[in-house]
Structures are given as structure tokens and as C-alpha cells.
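The values are calculated or read from the model by the stated rules, or taken from the named source; none is laboratory data. What you see is a predicted model, and the numbers here were worked out from it, not measured in a lab. Here Cβ is always computed from backbone atoms with ideal geometry, including for glycine, and neighbour counts include all displayed protein chains.
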Amino acid sequence: MSLVGVTRIAEGEKNEDGAKNGDRQLCPLASGVRGFAKIVAPGTEKSVPIFRGVVNSRISAMGLQAIMSAMGPVAELHLHLEGSVEVETFLELDPALTREEIARATAYIDFEGFIQSYIWVNKKLQSPGHYALAARRLFERLAAEGVVYAEVTISAGVILWKQQDFLPIYEAVQREACLSKIRVRWILDATRQFGVHAAKPVFDLAAELVNQGVVAIGLGGFEGGGPARWYADLFKEARDRGLRLVCHAGETTDAGSVWEALEIGAERIGHGIRAIDDPLLVAHLKEKNIPLEICITSNVRTGAVGSMKDHPVRRLYDAGVPIILNTDDPALFGCTLTSEYEVARREFGFTEEEIEGLVRNSFSFAFDGGR
Ligand SMILES: [Zn+2]
């Protein structure tokens with residue numbers, strides 16, 4: 001399988017909606033044409049820190065809405081497309097759905113229930129057009145929030161499990177990425193409990209698309225049902241084929257799972273909160289400068305932590321572990337990137353300076369420069 005017809009668009013050329021792409025943005029051609037083009041747009045660097053010039057006490061009085069406007073450019077690195085589909089988008093996708101049905105299908109009380117909700121969402125995405133709409137609405141929300149760069153995970157393993165063609169879906173979402181105001185890169189996600197045999201085609205697709213918007217490969221799903229070590233050979237091969245490596249780990253199991261993810265080469269750890277139980281691991285993450293993609297609300301909602309006060313984000317940060325704040329599945333968790341930063345400030349006492357550092361991390365640990 002290949003996507004053919006690579007064409008170069010002139011430097012600085014704008015998309016149909018007038019939005020200029022960031023540097024090295026990889027875009028599909030006009031509608032109906034199979035192929036991708038590379039756009040190199042000059043002068044896209046930005047360096048405005050979050051909360052610049054706004055003191056914390058003032059932020060506290062300002063509330064979330066004002067924080068959003070005060071927030072400078074930020075990047076989102078752990079975000080699942082399928083977990084970002086809002087109620088309004090479901091109603092666009094399927095006008096026969098009711099709000100009650102959607103609320104029922106997306107209600108859960110633990111991680112297993114969350115996965116069932118996630119599967120329901122995936123089953124509602126039945127065509128490339130559905131995925132494109134989900135992507136368009138996500139990018140609109142991210143842009144409105146001040147996100148300028150996003151690495152968005154798409155569950156290729158689930159798409160193949162649904163027996164859908166991945167490439168037309170990828171082409172559709174990548175087209176939306178190019179039309180959006182933010183820079184988007186993709187991470188393809190294999191479903192770990194499906195096993196190596198099912199994961200292999202996902203890794204092959206990621207490698208095929210490595211110069212067409214895909215930057216990394218990841219493992220998601222039931223952490224306990226598919227240990228990272230099963231995927232050691234696939235990860236090694238993926239790295240050799242130019243892919244960056246991420247892995248959910250230490251979310252619902254233990255610190256040993258994080259060690260396994262590191263052993264197979266993961267460069268960023270999805271969640272990794274159980275690292276807090278292992279001082280050697282904490283020291284290792286600090287020394288090697290390996291970041292945890294922390295998603296506070298996600299961990300509370302899925303029961304990965306007993307309560308907000310039990311979340312180890314502050315302790316990990318204080319121990320010197322690099323931290324990036326993310327939303328994970330914002331529609332299913334009822335959060336936004338802005339609200340995650342607000343939670344860090346309000347619940348865990350992150351200062352303005354520390355928040356600025358977290359925002360810097362969102363760019364410095366990005367796989368394609370961030371901005
Ligand atoms: Zn995730």
C-alpha cells in the first residue's frame with residue numbers, strides 16, 4: 001500500500017481557509033487527489049509563555065475563561081482523536097442519536113468501563129468522513145484554546161480491528177490537519193492486548209506514513225493484557241524505520257510496566273504515574289530526561305488514582321521527573337488542556353514559573369519541534 005503523487009506546494013502557500021501551515025507541514029493535495037505535499041512556511045516561530053505577566057493570585061480571581069485568554073501558545077502531546085469527540089459532534093455524525101443515548105454510552109466508573117465507552121465511540125466512526133469531522137472539530141477547539149502544535153494519536157489498531165481501510169481514513173484526517181490553523185503530527189496506536197500479530201500491520205502503516213505526517217508509534221489499550229516486552233522487536237524495527245516511540249505505561253499497573261516500556265525504547269511514557277512507587281525509576285527518568293505525559297483528570301476519572309489528592313504529579317515534579325500536561329481523551333473526561341493547567345495550579349500548587357516550565361516542556365519534548 002502506498003500513497004502516491006507527492007507534489008511540492010510553494011513556500012508560504014496558504015490553505016483553502018487562509019490558514020498558513022507551520023514549517024515542514026505535510027499536507028494532502030486538493031480534495032479527491034491521492035497524495036501529499038510538503039509545505040515549508042517561513043517565520044513561524046513563537047515564544048510567548050503561558051500566563052505571561054499574570055500573577056497567580058490574579059489568575060485565581062480571573063477564572064478559567066480569562067486564563068484561556070491569558071494562556072500563550074502551548075502544545076498537546078497526549079491526545080486521542082477518538083476520545084475527543086464531543087456530544088455535538090456525535091449529533092452531527094449521527095442525527096438519529098439522542099443526547100441521552102450518548103450520555104449513557106459514555107458513562108463509566110472505572111478503567112474497564114472507560115474502555116467500553118471508548119469502543120462505543122470508535123464504532124460510531126464508520127467512514128473516513130466521520131473521522132475527518134471528528135478531526136476538524138478537535139482542531140477547531142484546540143486552536144480556540146491556544147494550542148499551536150498537537151501530536152494526535154489515532155487508534156489504527158482499533159480501525160483495523162473494525163475491518164476498516166486505514167489509508168483513506170488517514171488521508172481524510174491528514175487533509176483536515178492541513179486545513180487547520182495548528183500544526184498536527186500523528187501517532188499511530190496499536191492495541192496491546194490484541195497481540196503482536198495484530199500490531200504488526202499498524203507498525204507497517206506507521207512506517208509507510210513516516211514522511212507524511214506520522215511521527216511516532218505507540219501502544220494503548222489494557223496495559224495488563226499486553227506487556228510492552230511483547231513488542232520489543234516491533235519497536236526496534238520501528239525506530240530503524242524512522243519512527244519515534246511512545247508507550248502507555250504505569251497507568252493502571254505498576255512501575256515495572258514503565259521499566260518495560262523504557263527497555264523497548266519508549267522515549268516518552270504515557271501517564272507513568274506509578275513511577276512514583278519506585279525511587280530508582282524516578283531517578284532514572286530524571287537522569288535520562290525522559291518525560292511522563294501526565295493526564296491528571298484522566299487518571300482521576302478512570303480510577304487510576306483514588307482521588308485528586310492521591311495524584312503523584314506534584315511529587316514526580318518535585319523529584320525532578322520531566323512532566324508534560326495533557327488531556328488524553330478530553331471529551332470522555334470532560335477536560336481541556338487549559339483546565340488541566342488550571343488543575344495543576346489550583347490542586348497541586350504549581351506556580352506561574354513552574355507552569356511556564358511545563359508549557360516549555362510541551363514543546364521541547366515534541367517529536368517535530370513543536371513550533
Ligand atoms: Zn492515552
Next item on the list: Take segment 118-132 and flag every residue that is among the small types (G, A, S) and surrounded by fewer than 18 Cβ atoms within 10 Å (Cβ to Cβ).
Entry: S127, G129
Next item on the list: Check off (1) closer than 14 Å to E82 by Cβ; (2) buried (at least 18 other Cβ atoms within 10 Å of the Cβ); (3) touching a strand residue (DSSP E or B) at 6+ places or on another chain (Cβ under 9 Å) for W161 and give me the number that stays unchecked.
Entry: (2)
Check: So which residues in segment 180-191 are hydrophobic (A, V, I, L, M, F, W, C) and part of a loop (DSSP other than H, G, I, E, B)?
Finding: I182
Check: Just to be sure, is A206 over 25 Å from S362 (Cα atoms) and more than 16 Å from the ligand (Cβ to nearest atom)?
Finding: no
Item checked: Criterion: under 18 Å from L160 (Cα atoms), away from the ligand (no atom under 16 Å from the Cβ), of a type outside the set (K, R) and in contact (Cβ under 8 Å) with a residue 24 or more places away in the chain - qualifying residue of V214, V184 -> V214
Notebook entry, point to check: Only one of (1) more than 30 Å from P73 (Cα to Cα); (2) buried (at least 22 other Cβ atoms within 10 Å of the Cβ); (3) at pLDDT 95 or above is not met by E223, so which one is it?
Noted result: (3)
Notebook entry, point to check: What are the residues in segment 72-123 that are away from the ligand (no atom under 14 Å from the Cβ), closer than 27 Å to G218 by Cβ and assigned to a loop (DSSP other than H, G, I, E, B), if any?
Noted result: P73, V85, E86, T106, A107, Y108, I109, D110
Note to self: For segment 285-333, give me each residue that is among the β-branched types (V, I, T), assigned to a helix (DSSP H, G or I) and within 15 Å of the chain's Cα centre (by Cα).
What the structure shows: I296, T297
Margin query: Restricting to segment 250-266, name every residue that is away from the ligand (no atom under 16 Å from the Cβ), in a loop (DSSP other than H, G, I, E, B) and within 18 Å of K288 (Cα to Cα).
Written below: I264, G265
Next item on the list: Could you list all residues from segment 282-329 that are of a type in the set (V, I, T), more than 16 Å from the ligand (Cβ to nearest atom) and either at pLDDT below 95 or within 24 Å of Y108 (Cβ to Cβ) (or both)?
Entry: none
Check: Looking only at segment 192-249, which residues are within 21 Å of H271 (Cβ to Cβ) and part of a loop (DSSP other than H, G, I, E, B)?
Finding: G221, F222, G226, P227, L243
Item checked: Sole residue being within 16 Å of the ligand (Cβ to nearest atom), touching a residue at least 12 places away in the same chain (Cβ under 8 Å) and surrounded by 19 or more Cβ atoms within 10 Å (Cβ to Cβ), chosen from A150, A135 -> A150
Checklist line | Meets criteria (touching a residue at least 40 places away in the same chain (Cβ under 8 Å) and within 16 Å of the ligand (Cβ to nearest atom)) for G220 | finding: yes
Next item on the list: Only residues in segment 282-305 that are closer than 15 Å to D254 by Cα count as the first member; pair them with residues that are in a loop (DSSP other than H, G, I, E, B) and among the hydroxyl-bearing types (S, T, Y), Cβ under 7 angstrom, at least 6 apart or cross-chain, and list the lot.
Entry: A304/T252
Margin query: Going by what's in this entry, would P279 be described as over 15 Å from G221 (Cα atoms), away from the ligand (no atom under 14 Å from the Cβ) and in contact with a strand residue (DSSP E or B) (Cβ under 6 Å, 6 or more places away or on another chain)?
Written below: no
